[in-house]
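To start, the structure itself, in structure tokens.
The values are calculated or read from the model by the stated rules, or taken from the named source; none is laboratory data. Just so it is clear, the structure is predicted and the values come from calculations on it, not from any experiment. Quick reminder, even Gly has a Cβ in these numbers, built from the backbone with ideal geometry, and neighbours come from all protein chains shown. These accessible areas exclude ligands, DNA and RNA; they are computed on the full protein's heavy atoms, side chains included. Shrake-Rupley method; radii C 1.70, N 1.55, O 1.52, S 1.80 Å.
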Amino acid sequence: MRSWPLAGKFHAGGDMPQSAAHGRKLQDSDVLTSTTHAIIPPLFAVVPAGIFGPLASPNRQNYWSLLCRLFDEFFGPDAPVPPSHGFQRREITAALERYLLADDPWEDEDGQAPDAPLNVRASAIHDRFRAAGWLRQERIGAREMVTMPRMVAELLSALVEFSEQGPTFVRAKMGSIESQLQKVADGRIDGGILDEAADQARRLLVSLASMSLQVRDLMPELSKAETTAQFARQWFERYVGQLFIGDYAELHRADHPMARRSSILAMVQQLDAGAPREALLGWYREHVTGGDEARAQQRLSRSLNRLRELERIDEYLTRLDEDIRQANRRALAFLDYRLRAPDKLDVLLRRACRGVLSAPEDALRLPVAPGPLMDETRLRPPHRKPAPIPRSANATTPPTPEQLARLSLLRRMKRARLVNAEDMARYVGRHLQHGAMIESAQLAIASIEDLRAYQTLLTLALRGNRIGGLRREDPLGRLLHGFRVELLEVGDGTPNDYLRGPRFRIVRVGAPHPETA
């Protein structure tokens, strides 16, 4: 099935990224500047303008059911190969009559079943589909032949696939993306394979981004369940079975394809420079754009940018973890309340009120002893708070100027050794002002703050070189804004005046890979 071209940055529920960077503004740093202009695809230049008319009418569910049945029997991939000239009109209307005879939920605007003959209704439904563009009717000789346009059939197939979408399996999608990119990197220059990998990466990010909204929208709906059993059944069927990631429990394992996303990004950088890029541009010029260099550049850049967005998959998974934890807490609280609260409490209260109103006067006497009910002798004596024990104030001695100076010096020492996101952005931005990459030997160390920033970068390089890369829960990962740190060699490396450690380099996010530039 063809994937629809969604150029630029598509927002799924307001959560899709607008660029490869976070878009956050950091002080004294230009590392994160990255902007793309969205190109709106011309949808109604591809499909008829009134294509969604039947699906927006009061009987949209009935029209959708008939379209799916026609697609399955005549025009879909599971149907027999249709004739090249199409089907006769009477075959389509006969199928519609058969559908209405077996299951006819149709209602008019007044909620009454239509009283027109079955053949007249089937002909009217066919004409509605033909006027909207779902069906095309042509006269061949004396016969009227009906076909479904190719683009309309692909749109209907995409809608059916969307309605049948189940849990997302990240392992399968990441493995497929890596396999397709490996084919292109190994020398099989085929832009179609690259486009398919880019479309899969985009669909994966869209599904993860929209899943958080689905989890948040599901809880108010589940809270309307009348019984605890109904709530538990809907929770496990819809939340666990339909919305959850199929292989969520395996995402953090070392052998999961998510651990190899760094190799996917490295292959993308390799394809974006040198001979592979020129070969791919030539393929696009020859097979897609008809020799147009600008359109070929745009098509290749779009696919590569979609693949680079896999860098942000950890952000979507982190936010999804938070939404799932919140949904679990709400579900457990709801179940705890429903299990602890008396069953049908409102029914019991109404029954008690009716009994009180209809009971005789003697039956309403309170089971108490004779005597005044609210006499002051029956009341509990007031609680007298004991008087507080008088205490003498502790003698305080003001600090000496030397103690104040030592305390101020200690605070300055602790602050000089603390590296936060702003400090790291300031240090890296100072060295990446005029370039996209810099090695550790070129980093200047002029103060304690610079030395601590250098130490932190070295730690990030070592942790990122482990199996699985930098962990999502690693607090140092919050310092990587607009750049990444790559380890060049393992060992003592080249020492500087202060530290001895392996060499590493800092690369601006979105810049070409240094080895392929």
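If R0 is 56 Å, what FRET efficiency do you get for ILE140 and ASP115 from their C-beta distance, rounded to 0.05? Present the calculation step by step, with values, prior to reporting the outcome.
Working: r = 35 Å, r/R0 = 0.62.
Given R0 = 56 Å and the Cβ-Cβ separation, E is 0.95.
Hey, got the dipole for segment 384-473? About the Cα centre, +1 on K and R Cβ, -1 on D and E Cβ, debye to the nearest 20?
On the way: 16 positive and 7 negative charges, 149 e Å.
Once rounded to the nearest 20, the dipole reads 720 debye.
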| query | Considering only ASN305, PHE334, GLY282, whose Cα is most displaced toward the positive end of the charge dipole of segment 280-343, charges sitting on Cβ of Lys, Arg (+1) and Asp, Glu (-1)? | reply | PHE334
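What FRET efficiency comes out for GLN298 versus LEU462 if R0 is 35 angstrom and r is the Cβ-Cβ distance? Round to the nearest 0.05.
Once the sixth-power term is evaluated, E becomes 0.35.
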| field | Top positive-direction residue, dipole computed over segment 351-428 with Cβ charges, set LEU410, ILE389, LEU379 | value | LEU410
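May I ask you to derive the FRET efficiency for LEU357 and ARG233 from their Cβ-Cβ distance with R0 = 35 Å, giving the value to the nearest 0.05?
Details: r = 39 Å, r/R0 = 1.10.
After rounding to 0.05, the efficiency reads 0.35.
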| More than 19 Å apart: what percent of Cα pairs in segment 342-444 qualify? | 80
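Quick check on segment 370-517: what are the equivalent-ellipsoid semi-axes from the Cα gyration tensor, as sqrt(5λ), descending, whole Å? Display every interim value, and only then the final one.
On the way: eigenvalues 710, 148, 37 Å².
Computed over segment 370-517, the values are 60, 27, 14 Å.
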| task | Output the peptides 228-236, 451-459, 138-146 sorted from most to least packed, where packing is the average of other Cβ atoms within 10 Å over each peptide's residues. | result | 451-459, 228-236, 138-146
| said: Using amide H atoms built in the peptide plane, which far-off residues or other-chain residues are under 5 Å from VAL419 H to H? | reply: none
| query | Rounded to a whole number, what % of the accessible area of segment 40-106 do carbon and sulfur atoms account for, probe 1.4 Å? | reply | 59
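Once fully extended, how much extra length lies between ARG340 and GLN442, figured as 0.36 nm per residue of separation less the alpha-carbon to alpha-carbon distance? Numbers along the way, then the final one.
Working: separation 102, 0.36 × 102 = 36.72 nm, distance 6.59 nm.
Between ARG340 and GLN442, full extension yields an extra 30.1 nm.
Could you order the peptides 126-135, 72-81 from most to least packed, using the average number of other C-beta atoms within 10 Å per residue? Could you put the intermediate results ahead of the total?
Working: 126-135: 19.5, 72-81: 12.9.
Averaged packing, sorted descending, gives the order 126-135, 72-81.
For segment 318-440, which whole percent of the accessible surface, found with a 1.4 angstrom probe, sits on carbon and sulfur atoms? The partial results should precede the final answer.
Values: 6380 of 10960 Å².
So the carbon and sulfur contribution to the accessible surface is 58 percent.
Kindly rank 380-393, 404-417 from highest to lowest mean number of other beta carbons found within 10 Å of each residue.
Numbers: 380-393: 5.4, 404-417: 11.0.
The peptides rank, most packed first, as 404-417, 380-393.
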